[in-house]
Every structure is written in structure tokens, then in C-alpha cells.
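To keep things clear, I will list the structure first and then write my remarks on it.
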Amino acid sequence: MTRYLTAAMASLTVLGIETSCDETAAAVLRLEDGEPRVLSDIILGQVAHHAPYKGVVPEIAARAHVEGLDATIAAAMREAGLGFADLDGVAATAGPGLIGGVMVGLLAGKAIALAHDKPLVAVNHLEGHALSPRLATGGATFPYLLLLVSGGHCQFIAVLDVGVYRRLGTTIDDALGEAFDKVAKLLDLGFPGGPLVEAAARQGDSTRFALPRPMLGREGCDFSFAGLKTACAREVARLGHPSDQDKADLCASFQAAILDVVADRTTNAMRLFDPMWGATGRLVAAGGVAANQAIRARLEELAAERGYDFNAPPLKWCTDNAAMIALAGAERLRLGFSDDLSFPARPRWPLDEMAARLRPSHKPGRKGAKA
Ligand code: KG4
Ligand code: ZN
């Protein structure tokens, strides 16, 4: 990381670029005396591209980013009413994520930075999610306990300051969004699965299927969802051709198991967080699964029981977006940091490198959560 002399600037305007999964996104954000203001926030989704395959196909995602990114960036600049010359820097997601897509966005960011002589900030996508609760007016102040739950990630992070993150727990197999998506696939509900499982669960009986609650009662705040997913697959095989009511009941039973696990793990995470940073009492949920109303409600309840505030970003900033990447970039520039144009795209990039080394969640090469 190289130092860039912007530390004294009271106002910073940054273009953010996000292409790590299946959203092509660009946003312009101004950080004025530490307060973020989103000037534009454009997202080009790829659902139609991936729906026939019932999941994100990395090669198709990368190609769609190539086809859609230029126009998305142009739209973000137009909506902000700015030219590249008006920017103080360019921030692009450099990982973790699907490598083809990450390369497309990072390369575009580098090209704009080079052509317009602006500093580049190579942003860790997880840092974007970690800071996303600060995007809204009056958003979370440091420090806070973050439950980051999305299609690729599932972890508890103590967010202490910009660039200062301690991972308290993580999944040892699937991410939570991945578990939702796999259950949706098993039941042929469609893609993306999370919102469809949540909607089906509202019509179902959560007591009909006795599903396991992996890690419940265990020490620490790690997660595991592989066993729960397998149990759902077994029930689907037993049912043969599940009716709509069968599907709703299984979704409701699955979501009830998730709620119990999330509540148990969050209680333990608060216990770990409390002695060092808990006096501030802030619990925050971010990432796509934080859009789930039942999960939000359970977390809110838990927080209230412990005297914590609960906060989750508006839904549009829970799922992948470029405003959070622009914010992470602007915060880093404000601290005087930028990155070299040789910065590589990284498929894996833990936010808390030390925790990832000391307590790896999976062996290198095995499939699993992105970080
Ligand atoms: O943060 P995100 O857009 O992308 C990643 O970085 O992974 O999260 C997408 C994930 C998908 O797995 C999607 O099914 C899940 O978030 N998701 C939900 C809901 N909305 C999105 N899961 C459960 N309930 C929801 N309402
Ligand atoms: Zn994400």
C-alpha cells in the first residue's frame, strides 16, 4: 500500500466499482467532513443471465460485466453530474470474489485512474460490506459487532475503525446465503433463492420437519450449514414430488432452524465482543441475507434483550452495490492510503488476515465461503 497525500482534504469524491459476483455496479460518493453522501448508485443485475442455470455461472458473470460495466460507470458519472477530472480517486473491488468478474472491475478502475491521473484504491469487498451500515445518514458509529451474511460470506466481525477488523467467528463450510440458495434449488423455487425461501416460509408450518441446528450450544461463534442442507435434501428425496404446501413447510422449518442457530451464535458473539468493545452496544447485520425480515426481527429482539442497538443498512445496501465500495475507498483515501496499479485481483482475501491464518475455516483448495 502506498501513501497518498490527501489526508488534509475535507471533501473527497470517489467513483466506486463493484463486479465481484453477479451485480455490475458503479457509484459516486462524496465524503464531506467524514459524512458520506451518495451522489449516484447504479446497479445492473444479471438475474436473467443466470436464472436458466439456477445459480451464478462465473464465466457468464465475467462476460456480462465486460458487456455492461462501461455503460454502468457512464451512468453513475452522468447521474452525479461529474466528469472523471472531478474525482479525487477511483475505488474498485479487488477481491474476494469470482476472479473473472473481479479482474474486469479492477482493470476498469485502473484504466480510469491511469488515464486521469487519479489514485486507485483496491477495495476488499468484505470491507465494503463491513462499512455499509455507515452509508445511511446517522449510520452506525465505531465500534460495532457485525454479522456479515451473504451468498459468499458468513462471519462475525468486530468493526473497530476503518481498516481495523477482528474476525470473531466464521462458517466452516457453506455461507448462509448459499444454504438458502441450495434449498431453493432443491425445491425448484427459482433464483436467487433467499427471498423465495423467505416468501414460501411465510405460508408454511415451521414445526412439520425436525431439522438439525448445527453448532447450537457449541462454544464460540462459528457456523456450519452443510448438515442442515443435507437434511433438507433427504426430506425432499423422501417426499418424492413435494406439493406447494410441502415446499412451504420445508422452507418454514429450514428458516426456523436458521433463526435458532443465528440467535445462538449471535449471543456467543456478543459475549466475545462485550468485554473489549461491548460498552458501545451496537449490533449490525449486513450482506444479502440481512434483507431477510425474519432474521432481522430475531436479531432486533436479541439486541434489545442485551441492551444493544440494532441497525441494518437499507435493503439496497445489504446486497452487493458500489456505494459501499466507494465509501471504503474514500475512507482509505482520507487516511492517506492508495494502491499501486500492479495490485492483483484476489479470489480469496480475508478481512482479518491474522485470524484467517491462525484459524483457517477450510483447507486451501476446498470449496467453501469466499473468505
Ligand atoms: O450480498 P449479496 O448480494 O452477494 C454476495 O456478496 O454474496 O448476497 C446475496 C445472497 C444470496 O445468497 C441471496 O439468496 C441472499 O443473499 N438473500 C437472502 C434474501 N435476500 C437475498 N437470503 C435470505 N432471505 C432474503 N430475503
Ligand atoms: Zn457481497
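The values are calculated or read from the model by the stated rules, or taken from the named source; none is laboratory data. In this text, all values refer to a predicted model and were calculated from it rather than measured experimentally. Glycine gets a Cβ as well: all are built from the backbone with ideal geometry, and neighbour counts include every protein chain shown. Side chains included, ligands, DNA and RNA excluded: accessible areas come from the protein's heavy atoms. Shrake-Rupley method; radii C 1.70, N 1.55, O 1.52, S 1.80 Å.
Among the residues of region 127-140, those identified as more than 18 Å from residue 43 (Cα to Cα) and either in a strand (DSSP E or B) or out of contact with any Lys or Arg (no Cβ under 7 Å at 6 or more places or on another chain) (or both) are 127, 130, 131, 133, 134, 137, 138, 139. If you go through region 179-196 and keep only what is of a type outside the set (A, V, I, L, M, F, W, C) and under 15 Å from residue 255 (Cβ atoms), you end up with 181, 182, 193, 194, 195. Condition first: charged (D, E, K, R) and within 15 Å of ligand 2 (Cβ to nearest atom). Can you find one or more residues in region 120-133 that meet it? Taking every residue of region 120-133 in turn, at least one turns out to be charged (D, E, K, R) and within 15 Å of ligand 2 (Cβ to nearest atom). Screening 269, 233 for residues that are on the phi < 0 side of the Ramachandran plot and open to solvent by 30 Å² or more (accessible area, probe 1.4 Å) leaves exactly one candidate, 233. Per the listing 198, 178, the residue uniquely within 8 Å of ligand 1 (Cβ to nearest atom) and surrounded by fewer than 24 Cβ atoms within 10 Å (Cβ to Cβ) is 198.
For region 170-200, the tally of residues that are touching a Lys or Arg at 6+ places or on another chain (Cβ under 7 Å) and either assigned to a strand (DSSP E or B) or within 16 Å of ligand 2 (Cβ to nearest atom) (or both) stands at 3. Right, residue 113: small (Gly, Ala, Ser) and in contact with a helix residue (DSSP H, G or I) (Cβ under 9 Å, 6 or more places away or on another chain) or not? Taking the combined requirement at face value, the residue does not satisfy it.
The set of residues in region 40-56 being modelled with pLDDT of 90 or more and either open to solvent by less than 40 Å² (accessible area, probe 1.4 Å) or of a type in the set (D, E, K, R) (or both) consists of 40, 41, 42.
Selection over region 273-297 of residues that are among the small types (Gly, Ala, Ser), in a helix (DSSP H, G or I) and within 16 Å of ligand 2 (Cβ to nearest atom) gives a count of 3.
Farther than 19 Å from residue 289 by Cα and small (Gly, Ala, Ser) - does that describe any residue in region 160-178? Yes, region 160-178 contains a residue that is farther than 19 Å from residue 289 by Cα and small (Gly, Ala, Ser). In summary, residue 339 fulfils each of the numbered conditions (1) among the charged types (D, E, K, R); (2) in the same structural domain as residue 286 (by TED's automatic domain parsing); (3) surrounded by 21 or more Cβ atoms within 10 Å (Cβ to Cβ) with the single exception of condition (2). Residue check, residue 267 against (1) in contact with a Lys or Arg (Cβ under 7 Å, 6 or more places away or on another chain); (2) farther than 15 Å from residue 201 by Cα, all met but one. Which one? For residue 267, the exception is condition (1).
Answer yes or no as to whether residue 93 is more than 30 Å from residue 183 (Cβ to Cβ), among the polar types (S, T, N, Q) and either touching a Leu at 6+ places or on another chain (Cβ under 9 Å) or in a strand (DSSP E or B) (or both).
No; evaluated as a whole, the condition is false for this residue.
In region 274-302, the qualifying residues are those that are away from ligand 1 (no atom under 16 Å from the Cβ) and closer than 23 Å to residue 202 by Cβ, and the one that is least open to solvent (accessible area, probe 1.4 Å) is 302.
Considering 300, 219, which residue is part of a helix (DSSP H, G or I) and either farther than 18 Å from residue 176 by Cβ or among the acidic types (Asp, Glu) (or both)? Criteria check complete, one pass: 300.
For region 212-222, does any single residue satisfy the condition of being modelled with pLDDT under 95, on the phi > 0 side of the Ramachandran plot and not aromatic (Phe, Trp, Tyr)? Within region 212-222, not a single residue is modelled with pLDDT under 95, on the phi > 0 side of the Ramachandran plot and not aromatic (Phe, Trp, Tyr). Suppose we keep only residues that are small (Gly, Ala, Ser) and more than 19 Å from the chain's Cα centre (by Cα) within region 102-152. Which one would you say is farthest from ligand 1 (Cβ to nearest atom)? Taking the candidates together, the pick is 115. Cβ-Cβ contacts under 6 Å between residues 6 or more apart (or on different chains), taken from a first residue in region 313-334 that is at negative phi to a second residue that is part of a loop (DSSP other than H, G, I, E, B) and within 11 Å of ligand 1 (Cβ to nearest atom), are listed as 320/21.
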